[in-house]
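The values are calculated or read from the model by the stated rules, or taken from the named source; none is laboratory data. What you see is a predicted model; the values in this text were computed from it and never measured. Cβ atoms come from the backbone with ideal geometry, glycine included; neighbour counts cover every protein chain shown.
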């Protein structure tokens, strides 16, 4: 095990840089934290962490490499991801003044499963996450590393991701922080919608332009 500490630290550092960068996951967690209960925001964070396990699983099985090398499959993934981000963006852009409040009221609160699903699908359908994990498991992590240890790396990244976004959710659900944002909550919602729509547009544009998936991205470039 001691022979793999350097590799693990490299994985941990690259993952830290990736998860701390702004992107769809952060935008969704921020909106949940400011517009939903802390419980729902934490469930969404858990969903993002669970989504990491999907990327880890197909990377270990070699399916991710197949997606990366097939322009058709990768473009399909990008279109699906863009459509999902667009759907979330539309919900945000429809926010009206006075209509975005902390969801202490049953009419505004999500079900727990819906909150978890939102985080899970946002991460799972992010095509750049596919590139990140395929590159990580094919370049940074040695093919000679035992599968059990590679799986442990993946579990660590899922837990670390969930913990990071749980901290983000906890901070933005603090009463003082919420009060500061509450005065212009609908504008924040619209801003988040605009950001997600831009990310969706970027994915669709790269699909139409026929750009090929890069072979080795160093980190989540959209996170």
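Residue 56 satisfies every condition listed in (1) buried (at least 20 other Cβ atoms within 10 Å of the Cβ); (2) modelled with pLDDT under 90 except (2).
If a residue counts only when it is more than 30 Å from residue 180 (Cα to Cα), which helices (runs of 4 or more DSSP H) contained entirely in the range 1-62 have at least 2 such residues? Steps first, answer last, please.
Numbers: elements: 5-19, 24-35, 38-61.
Per the criteria, 5-19, 38-61.
Looking for something out of contact with any strand residue (DSSP E or B) (no Cβ under 8 Å at 6 or more places or on another chain), more than 23 Å from residue 195 (Cβ to Cβ) and surrounded by fewer than 17 Cβ atoms within 10 Å (Cβ to Cβ) - is there at least one such residue anywhere in the range 33-40? Yes, the range 33-40 has at least one match. A single member of 136, 131, 174, 167 is within 22 Å of residue 16 (Cα to Cα) and without any contact (Cβ under 8 Å) to a residue 12 or more places away in the chain, and it is 167.
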